[in-house]
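Heads up: the structure comes next, in structure tokens.
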Ligand SMILES: Nc1ncnc2c1ncn2[C@@H]1O[C@H](COP(=O)(O)OP(=O)(O)OP(=O)(O)O)[C@@H](O)[C@H]1O
Ligand SMILES: [Mg+2]
């Protein structure tokens, strides 16, 4: 039975792989679906966390996101490539929640995936609109899928905002709640906010760090700069300092 699941997965991956023309992207597929990762997916299928991996949604810097199905509805599955560990080490070093990580790349990616899982949980507990985290196993994170059968929810940068003031208030709520969770997102921008059913959702929280992190303050200010720039561009004039003050004050 498990052997059959594995074969099915492998043939599906192969069908995506041969469809991509770009050599770089094909390499990405080889990296993301290494043997260990296929076994991890097989486990998630055997324990019914998911039923099938349906299709790729995105190829990012450190991970790939796929739409998956489960008996309870659609899911998003983010798979961290074990080859992309270099980009992330600076975020883990200095985080008091993750002391003494050894040099093992695979282990580092497991820690990274579990860090995103924990950050999602902590944000969700504080009422931040984030995808609901379901399960994290090794380098694979399973969360709720934002989108319809027609496709995944668009990133904010690709959305024409009809009511910028309303969006600003909704964003401010989320930013204040992240602050109440004593976390700094660390990569906040119109790329890492999805718009689903007219509401903003914060995503990509793997690099989020607690206030205690030595770079927390610097990354908070960078987040505020990015978002103030974005909102000013769509007509809600706000300075980074003003935004930071309102986020802290909430
Ligand atoms: N829960 C979700 N539901 C639907 N789509 C999602 C979900 N999570 C992520 N995506 C899609 O996948 C893309 C990449 O996700 P994310 O930013 O978390 O990964 P990443 O590997 O860090 O990517 P990047 O390096 O491009 O920032 C998102 O921009 C979005 O389009
Ligand atoms: Mg992203």
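Using Cβ counts within 10 Å as a stand-in for footprinting exposure, how do 190, 217 rank, fewest first?
Placing the least packed residue first, the sequence is 217, 190.
Given Cα positions, please report Rg to Rh for the stretch 153-249, the hydrodynamic radius being the Kirkwood one.
On the way: Rg = 12.6 Å, Rh = 13.4 Å.
When Rh is taken as the Kirkwood radius, the ratio is 0.94.
Multiplying the sequence separation of residue 10 and residue 97 by 0.36 nm and subtracting their Cα-Cα distance, what value in nm do you get? If you can, show how the numbers build up before the last one.
Details: separation 87, 0.36 × 87 = 31.32 nm, distance 3.58 nm.
Length gained between residue 10 and residue 97: 27.7 nm.
Does a label point 7 Å from the Cα of residue 191, set along Cα-to-beta-carbon, have any residues of the stretch 124-158 with amide nitrogen under 14 Å, and which are they?
155-158
Taking the chain as the reference, fit the longest principal axis to its C-alpha atoms, fit the long axis of helix 216-233 to the helix C-alpha atoms, and give the angle between the two in degrees, 0 to 90, nearest 10.
80
Rounded to two decimal places and with Rh computed the Kirkwood way over Cα pairs, what is Rg over Rh for the stretch 167-209? List each step's numbers first, then the result.
Values: Rg = 10.1 Å, Rh = 10.7 Å.
Answer for the stretch 167-209: 0.94.
I'm checking a number: the convex hull volume of the Cα atoms of the stretch 123-202, normalised per residue, in Å³. What is it?
On the way: hull volume 9.0 nm³, N = 80.
Hull volume over Cα atoms, normalised by residue count, gives 112 Å³.
Roughly how many nanometres apart are two label points built 7 Å out from the Cα toward the Cβ at residue 51 and residue 19?
In this crude label model, residue 51 to residue 19 measures out at 2.0 nm.
Of 22, 187, 174, how do they rank once you tally other Cβ atoms within 10 Å and put the fewest first? It would help to have the intermediate numbers written out before the result.
Details: 22 9, 187 18, 174 23.
Sorted ascending by nearby Cβ count, the order is 22, 187, 174.
Calculate, for residue 72 and residue 237, the FRET efficiency according to 1/(1 + (r/R0)^6) with r their C-beta to C-beta distance and R0 35 Å; round to the nearest 0.05. Spell out each step's value before the answer.
Numbers: r = 43 Å, r/R0 = 1.24.
It comes to 0.20.
I'd like the projected area of the stretch 15-86, averaged over all directions, using the convex hull of its alpha carbons. Report it in nm² with one decimal.
Values: hull surface 19.7 nm².
Seen from a random direction, the Cα hull of the stretch 15-86 projects 4.9 nm² on average.
Which angle between 0 and 90 degrees, to the nearest 10, do you get for helix 164-180 versus the longest principal axis of the chain when only C-alpha atoms count?
Its long axis makes an angle of about 80 degrees.
Given the Cα-Cα distance of residue 125 and residue 58 and 0.36 nm per residue of separation, how much length would full extension add, in nm? Before the final figure, lay out each step's value.
Working: separation 67, 0.36 × 67 = 24.12 nm, distance 2.67 nm.
That works out to 21.5 nm of additional length.
Could you tell me the calculated FRET efficiency between residue 173 and residue 38, based on Cβ-Cβ distance and R0 = 45 angstrom, to the nearest 0.05?
On the way: r = 40 Å, r/R0 = 0.89.
That pair, residue 173 with residue 38, gives E of 0.65.
What do you get for the angle between helix 23-32 and the principal long axis of the chain? Use alpha-carbon atoms, 0 to 90 degrees, nearest ten.
Result, in degrees: 80.
At what distance in angstrom do the alpha carbon centres of the stretch 3-40 and the stretch 216-248 lie from each other?
40
Take the chain, compute every pairwise Cα distance, and split them into 5 Å bins from 0; I just need the percent in each bin.
For the chain, the pair-distance distribution reads 1, 6, 13, 17, 18, 16, 13, 9, 5, 2, 1, 0.
Largest first and to the nearest Å, give the Cα extent of the stretch 2-148 along each principal axis.
42, 33, 28
Based on DSSP H runs of at least 4 residues, each adding -39500 (n - 2.57), what is the mean residue ellipticity at 222 nm of the chain after dividing by all its residues, to the nearest 500 deg cm²/dmol?
Details: 8 runs with 110 residues, N = 250.
Taking each H run of at least 4 residues, the total per residue is -14000 deg cm²/dmol.
The numbers here are math on the coordinates, done by the rules we state, and not lab data. Since the model is a prediction, treat every value here as computed from it, not as a measurement. Reconstructed Cβ throughout: ideal geometry from the backbone, glycine too, with neighbour counts over all protein chains shown.
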